[in-house]
Amino acid sequence: MSKINIETINTENTKLSSERIIELRNINEQYFIMNGKRKLYHILTYGCQMNEHDSEKIGGMLTSIGYEETDDSQNADLVIFNTCLIRENAELKVYGKLGEVKGLKRHKPDMIVAVCGCMMQKEELRQKLLKQFKFVDIIFGTNTIQELPGLIYDVEVNKKKSVDIIDNTELIYENMPKSRKFKYKALVNITYGCNNFCTYCVVPYVRGREKSRTPEEIINEVRALAFDGCKEITLLGQNVNSYGSNLENPFTFAELLYELNKIDGIERIRFMTSHPKDLTDDLIKAIKECNKVCNHVHLPIQAGSDDVLRRMNRKYTKDHYLNLVEKLKKEIPDIALTTDIIVGFPGETEEDFLETIDVVKKVQYDSAFTFLYSVREGTKAAEMEDQIPDDVKHERFNRLLDVLYPIVLDRNSQCIGNVYSVLVESVNNTSENSLTGRSEHFRLVHFKGNEELLGQIVNVKITNVKTFHMEGEIVEQ
Ligand code: SAH
Ligand code: SF4
Ligand code: F3S
């Protein structure tokens, strides 16, 4: 491709798109007949479960037009980067890997390279990519996944570079084909976007305002998953607790849990993420009453100081959070609590940081994702004075881990001798404890067993624990 035209496809023109899908499917079928193998795609997914699930939709689209997945970019005819920009290092990883693929493309000029995901929702980053990584053939956004076949068609048939982003993040596409990674567990979107505008976070800018799928759409999807043998679902939203508030017929997250709990075949229901400002008593009651809803809540605190929380625009105080935790522990004594913590937010003083440490000690988390604050252009916090020097951030971060890890190990130690139900998620024949799964409380458990147990829920007695996993043995019950 010596000459490159950049054009934006009108995504409203779905007829054009579906004609292209049919034609592309025919081209790929011809390729299969001629070569005895299918064209291969490889997806690199960065970021959160939203992106993981979007990659399953991208895979579903590609499978429907005759591609097959490969886990090796060297063999791929199409390489897709599904990007994240939540922190600077997420972005840097993408640029690093794109550099590697540039070399590959030199040897395989027909290989198509596509970049999508949250990074591509930002105009500056699209421009940067088009300038610095000229070999990229396709750029699309989080809301234009369904246009991918049309974009591939343009590159393959019209020899045109394709960029397709729509800034209208208000649309929800239902019934997209999905190539699910696991048969027995599945991710299910319940909301898209976010209205919270935490001052450090880019998500509302790239994923748009919060939109809820209707309960009917969600219930139908989960029923179909159950029919297909799926046992565990994880409901996804940036703030699942505000689910349904802007639907034509408002429906709460708690109500949704009761409905999903009735679906035969589904044995476990998880959800991510709960915003502390919206966690209601009704929801606590639903977690307690719905036998399939796992006793685990991921409840990001972000910071312990009221002043930092206010400047983060989190809309709760340390006391409110600790009261919630107390209520959860009182109502559901074996609840597991996990969290996200940011260290070094602009203006964070030593006293502020000690408030975070205090929360960690009081809550006794089962595990936590800890992050160094990362400046994100376009967010309010990026403009704040008093950015914390890197060495101070790192020093606080290490002190946080020194407090956190012994607590996590202690929480795990309390499980020794107990029996937990574990969904077997992977098999590693090179290890003595060949099976790995997660307990209801989201703890990683390694144990001996037959690989036929993959996808089954088994009872495991815990015999030994480490900070990041536990070991046990299968018991009859
Ligand atoms: N919607 C979810 C989380 C989305 S992002 C929630 O509100 O809990 C996942 C985590 O990344 C956040 O909880 C936060 O801890 C972290 N994060 C987001 N922006 C960040 C930034 N600029 N620097 C460091 N960590 C960040
Ligand atoms: Fe980001 Fe806050 Fe929305 Fe979570 S709730 S996605 S941290 S803005
Ligand atoms: Fe997720 Fe990263 Fe986008 S955390 S929503 S993939 S910016």
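Residues that are of a type in the set (Asp, Glu) and within 16 Å of ligand 2 (Cβ to nearest atom) occur in the range 275-291; there is at least one.
Would you say Glu217 is acidic (Asp, Glu) and either within 16 Å of ligand 1 (Cβ to nearest atom) or in contact with a strand residue (DSSP E or B) (Cβ under 7 Å, 6 or more places away or on another chain) (or both)?
On the way: acidic (Asp, Glu): yes; either within 16 Å of ligand 1 (Cβ to nearest atom) or in contact with a strand residue (DSSP E or B) (Cβ under 7 Å, 6 or more places away or on another chain) (or both): no.
Judged against the criteria, Glu217 is not a match.
Given the criteria assigned to a helix (DSSP H, G or I), more than 16 Å from ligand 2 (Cβ to nearest atom) and among the hydrophobic types (A, V, I, L, M, F, W, C), does Leu337 qualify? Considered against the rule, which asks whether it is assigned to a helix (DSSP H, G or I), more than 16 Å from ligand 2 (Cβ to nearest atom) and among the hydrophobic types (A, V, I, L, M, F, W, C), Leu337 comes out as no.
For the range 81-95, the set of residues classified as of a type outside the set (A, V, I, L, M, F, W, C) and away from ligand 3 (no atom under 11 Å from the Cβ) consists of Glu88, Asn89, Lys93, Tyr95, listed by residue number.
Is it true that Pro346 is at pLDDT 95 or above, outside any helix (DSSP H, G or I) and either over 29 Å from Thr467 (Cβ atoms) or acidic (Asp, Glu) (or both)? Can you show your working first?
On the way: at pLDDT 95 or above: yes; outside any helix (DSSP H, G or I): yes; either over 29 Å from Thr467 (Cβ atoms) or acidic (Asp, Glu) (or both): yes.
The answer is yes for Pro346.
Just to be sure, is Glu88 within 16 Å of ligand 2 (Cβ to nearest atom) and of a type in the set (D, E, K, R)?
Working: within 16 Å of ligand 2 (Cβ to nearest atom): yes; of a type in the set (D, E, K, R): yes.
Yes, satisfied.
One line per residue, one yes/no per condition, for (1) closer than 30 Å to Arg438 by Cα; (2) surrounded by fewer than 20 Cβ atoms within 10 Å (Cβ to Cβ); (3) more than 16 Å from ligand 3 (Cβ to nearest atom):
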{"residue": "Cys294", "(1), (2), (3)": "yes, no, yes"}
{"residue": "Leu299", "(1), (2), (3)": "yes, no, yes"}
{"residue": "Gln302", "(1), (2), (3)": "yes, no, no"}
{"residue": "Arg310", "(1), (2), (3)": "no, yes, yes"}
{"residue": "Tyr321", "(1), (2), (3)": "yes, no, yes"}
{"residue": "Leu328", "(1), (2), (3)": "yes, no, yes"}
{"residue": "Ile332", "(1), (2), (3)": "yes, yes, yes"}
{"residue": "Leu372", "(1), (2), (3)": "yes, yes, no"}
{"residue": "Lys380", "(1), (2), (3)": "no, yes, yes"}
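Residues that are assigned to a helix (DSSP H, G or I) and more than 17 Å from Arg180 (Cα to Cα) within the range 30-52 comprise Gln30, Tyr31, Phe32, Ile33, Met34, Asn35, listed in sequence order. Within the range 59-80, the presence of a residue that is at pLDDT 95 or above and closer than 30 Å to Asp390 by Cα is excluded.
Taking the residues in the range 188-213 that are aliphatic (A, V, I, L, M) and away from ligand 1 (no atom under 11 Å from the Cβ) as candidates, determine which candidate is surrounded by the most Cβ atoms within 10 Å (Cβ to Cβ).
Looking at the filtered set, the residue picked out is Val206.
Listed by first and then second residue, the pairs linking a residue in the range 269-298 that is within 12 Å of ligand 1 (Cβ to nearest atom) to a residue that is acidic (Asp, Glu), with Cβ atoms under 9 Å apart and 6 or more places separating them unless they lie on different chains, are Thr273/Asp340; His298/Asp340.
Restricting Glu473, Glu451 to residues that are modelled with pLDDT of 95 or more and farther than 25 Å from Lys288 by Cβ narrows the list to Glu473. Filtering the range 145-161 for residues that are within 16 Å of ligand 2 (Cβ to nearest atom), under 27 Å from Asn246 (Cβ atoms) and either surrounded by fewer than 22 Cβ atoms within 10 Å (Cβ to Cβ) or of a type in the set (Val, Ile, Thr) (or both) leaves an empty set.
Scanning the range 140-154 for residues that are within 26 Å of Met50 (Cβ to Cβ) and more than 16 Å from ligand 3 (Cβ to nearest atom) gives Gln146, Glu147, Leu148, Pro149, Gly150, Leu151, Ile152.
Table: residues versus (1) more than 20 Å from the chain's Cα centre (by Cα); (2) under 28 Å from Tyr205 (Cβ atoms); (3) among the basic types (Lys, Arg).
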site	(1), (2), (3)
His53	no, yes, no
Glu56	no, yes, no
Met61	no, yes, no
Tyr67	yes, no, no
Ala76	yes, no, no
Ile80	no, yes, no
Leu92	no, yes, no
Gly99	yes, yes, no
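From the list Lys128, Lys97, Lys108, Lys102, the lone residue that is in contact (Cβ under 8 Å) with a residue 40 or more places away in the chain and of a type in the set (Lys, Arg) is Lys97. Does the range 149-170 contain at least one residue that is modelled with pLDDT of 90 or more and within 16 Å of ligand 1 (Cβ to nearest atom)? No.
When the residues of the range 245-270 are narrowed to those that are assigned to a loop (DSSP other than H, G, I, E, B) and at pLDDT 95 or above, which ends up surrounded by the fewest Cβ atoms within 10 Å (Cβ to Cβ)? Working first, answer last.
Going residue by residue through the range 245-270, those that are assigned to a loop (DSSP other than H, G, I, E, B) are 245-252, 262-267.
Right, trim to at pLDDT 95 or above and you get 251-252, 262-267.
Details: Phe251: 18, Thr252: 18, Lys262: 11, Ile263: 17, Asp264: 8, Gly265: 13, Ile266: 19, Glu267: 19.
Going through the qualifying residues, I end up with Asp264.
Of all residues in the range 176-191, at least one satisfies being touching a residue at least 60 places away in the same chain (Cβ under 8 Å), within 16 Å of ligand 2 (Cβ to nearest atom) and within 18 Å of the chain's Cα centre (by Cα). The strands (runs of 3 or more DSSP E) found wholly in the range 373-477 and carrying at least 2 residues that are free of Cβ contacts under 8 Å to residues at least 24 places away in the same chain occupy 435-439. Residues in the range 176-199 that are in a loop (DSSP other than H, G, I, E, B), under 14 Å from Val222 (Cα atoms) and within 16 Å of ligand 3 (Cβ to nearest atom): Ile190 only.
Considering Ile65, Ile43, the condition of being free of Cβ contacts under 8 Å to residues at least 60 places away in the same chain, of a type in the set (Val, Ile, Thr) and surrounded by 15 or more Cβ atoms within 10 Å (Cβ to Cβ) is satisfied by Ile43 alone. Residues in the range 225-241: is at least one assigned to a helix (DSSP H, G or I), surrounded by 19 or more Cβ atoms within 10 Å (Cβ to Cβ) and touching a helix residue (DSSP H, G or I) at 6+ places or on another chain (Cβ under 7 Å)? Yes: the range 225-241 contains one or more residues that are assigned to a helix (DSSP H, G or I), surrounded by 19 or more Cβ atoms within 10 Å (Cβ to Cβ) and touching a helix residue (DSSP H, G or I) at 6+ places or on another chain (Cβ under 7 Å).
Of the residues making up the range 215-254, just one is over 20 Å from His441 (Cα atoms), charged (D, E, K, R) and touching an Asp or Glu at 6+ places or on another chain (Cβ under 8 Å), namely Glu217.
The values are calculated or read from the model by the stated rules, or taken from the named source; none is laboratory data. Since the structure is predicted, the reported quantities are computational estimates derived from the model, not experimental observations. Note: ideal-geometry Cβ built from the backbone for every residue, glycine included; neighbour counts use all protein chains shown.
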